[in-house]
Amino acid sequence: MILSNITVPLLGIVDTAVIGHLGSAHYLAGIALGATIISLLFWLAGFLRMSTTGLVAQAYGKKDYAQLAGLLKRSLVLALIVAFILIALSPLMKNVIAYLSGSSEEVLVQAYSYFYIRIFSAPAALCNLVLLAWMLGIHYGKGPFYLLLVTNITNIVLDIYFVVFLDWEVAGAAWASVIADYIALVFALFLVIRLANKMSVPLFVGGWFSRKKMWALLSLNRDIFIRSLILQLCFSFMTFYGARIGDVTLAANAVLMNFLMLVSFALDGIAYASEAKIGQAKGQNSVRRINLWVRISVFWGMLFALCYSVFFALFGGQIITLLTDVPQVISEAQKYLPWLIILPLAAMSCFLFDGIFVGLTRAKDMRNTMVFSALFGFFGVFLLSQQWQNHGLWFSMTCFMLLRGITLIVRYRQLQTSQRLLS
């Protein structure tokens, strides 16, 4: 899961590197704005992956194969509904992008170009989230690895071809992502059907739709959606407030966000594995195994976070120059690099315990800790530090990640003490 997850930020790094060498900051700033809106919308739908993984892992622990089939179908139907709603609402986003960012006309043109192409990958991207989650829930770790490898290799190759050779600029990066998502969907369906047949999971048997089960899925997804919405609001605030400071600051933050994505997706690789293992342990009603997987996850998380901090301290400057050759952007990004050296250690716990709570399907706890952390750790801190401009933004993000981890750990200890891990 770590290997598969690490390919996701590598794709973002290639996008940034290809666009970052077109010779002007407005290209990089434009793709940052457009990609932020797409990320906001798609990651708001991240509840599809989280709820599916937790529920599938628990059904797998119980060896309930009919439930495995039903969960897959219900989640795919929900994914398609959400995707078409996003496409229908997309014309409204032009005004949102312009109003929130306050960017120059040159930047907005590039942002619109990227967004209005990329939004049409929504059906494939959201269905891929469900298919990936289903494979993860039944402990087929190679499936997500193959899926993300196909997606990102295709995307990277098309990225370079469309942008560098065909000179399609930002639109080329968007088309590369759309095509890659649909190729990945075909591949993911092939993997899941083959795996289901091997396990004798009755995918093509009727009776999967149940109003009660659909409502339970929606209820779980509602809380994860709220949690994801708040998380994405914090990340989007980083981009939009950076845009108000200036195009160069926006571009620099776009470069630096790739560092954070590298950290988050690697640690999420551990968290994804924890979701599957802890969900299975809950399905088996084993508190001992839940606690065991929590300890193992924390050990590996601390190790990876420390390695990232050391790596960024040693090679952060070189990575920035690889991602862009615009002198002003390089200079600006280097000012804020120390925050990215601190962040892996500050953020480690929140990534890991997100996975633990997904496996336990305790969505309300995830929602409540996220609300508290955003109000006090991000926006509260930013109100006190906004005079520091972009340094205040990165300080707020660091406090936000740290508080998320602390609140989740405290809640987990409460569940342990009250013996409610299985409830």
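The values are calculated or read from the model by the stated rules, or taken from the named source; none is laboratory data. Because the structure is a prediction, the values reported are computed rather than measured. With ideal geometry, Cβ positions are generated from the backbone for all residues, glycine too; neighbour counts draw on all protein chains shown. Calculation scope for accessible area: heavy atoms of the full protein, side chains included, ligands and nucleic acids excluded. Shrake-Rupley method; radii C 1.70, N 1.55, O 1.52, S 1.80 Å.
Would you say Ile270 is buried (at least 21 other Cβ atoms within 10 Å of the Cβ) and over 24 Å from Gln389 (Cα atoms)? Here the answer is yes, as Ile270 does meet what is asked.
Here is the figure for the stretch 290-315: residues that are surrounded by 15 or more Cβ atoms within 10 Å (Cβ to Cβ) and β-branched (Val, Ile, Thr) total 3. Is there a residue in the stretch 413-423 that is surrounded by 20 or more Cβ atoms within 10 Å (Cβ to Cβ), assigned to a helix (DSSP H, G or I) and either touching a residue at least 60 places away in the same chain (Cβ under 8 Å) or at positive phi (or both)? For the stretch 413-423, residues surrounded by 20 or more Cβ atoms within 10 Å (Cβ to Cβ), assigned to a helix (DSSP H, G or I) and either touching a residue at least 60 places away in the same chain (Cβ under 8 Å) or at positive phi (or both): absent. Filter the stretch 20-65 down to residues that are polar (S, T, N, Q) and under 16 Å from the mean Cα position of the chain (by Cα) and give me whichever is nearest to Tyr140 (Cα to Cα). Only one residue fits best here, namely Thr53. Just checking, does the stretch 53-70 include any residue being open to solvent by less than 30 Å² (accessible area, probe 1.4 Å) and closer than 22 Å to Ser113 by Cβ? No, that holds for no residue. Counting the residues of the stretch 154-183 that are out of contact with any Leu (no Cβ under 9 Å at 6 or more places or on another chain), in a helix (DSSP H, G or I) and surrounded by fewer than 24 Cβ atoms within 10 Å (Cβ to Cβ) gives 13. Going by what's in this entry, would Ser219 be described as surrounded by 18 or more Cβ atoms within 10 Å (Cβ to Cβ), of a type in the set (Gly, Ala, Ser) and closer than 30 Å to Arg362 by Cβ? Here the answer is no, as Ser219 does not meet what is asked. Taking Gln318 as the residue in question, decide whether it is in contact with a Gly (Cβ under 9 Å, 6 or more places away or on another chain), open to solvent by 50 Å² or more (accessible area, probe 1.4 Å) and not aliphatic (A, V, I, L, M). Taking the combined requirement at face value, the residue does not satisfy it. Please give the number of the condition Phe235 fails out of (1) modelled with pLDDT of 80 or more; (2) open to solvent by less than 20 Å² (accessible area, probe 1.4 Å). Going through the list (1) modelled with pLDDT of 80 or more; (2) open to solvent by less than 20 Å² (accessible area, probe 1.4 Å), Phe235 breaks only (2). If you go through the stretch 71-123 and pick out every residue that is among the aromatic types (Phe, Trp, Tyr) and open to solvent by less than 40 Å² (accessible area, probe 1.4 Å), you end up with 3. In this structure, does Leu136 turn out to be at pLDDT below 90, crowded, with 20+ Cβ neighbours inside 10 Å, under 26 Å from Ile270 (Cα atoms) and of a type outside the set (Lys, Arg)? Yes, satisfied. Return the residue satisfying two criteria in turn: it lies in the stretch 238-277 and is at pLDDT below 85 and of a type in the set (Asp, Glu), and of such residues it is farthest from Val107 (Cα to Cα). This residue is Asp268. Among the conditions (1) more than 20 Å from the chain's Cα centre (by Cα); (2) crowded, with 23+ Cβ neighbours inside 10 Å; (3) under 28 Å from Gln389 (Cβ atoms), the only one that Arg244 does not satisfy is (2).
On inspection, Phe204 does not qualify as aromatic (Phe, Trp, Tyr), over 16 Å from Ala35 (Cβ atoms) and in a helix (DSSP H, G or I).
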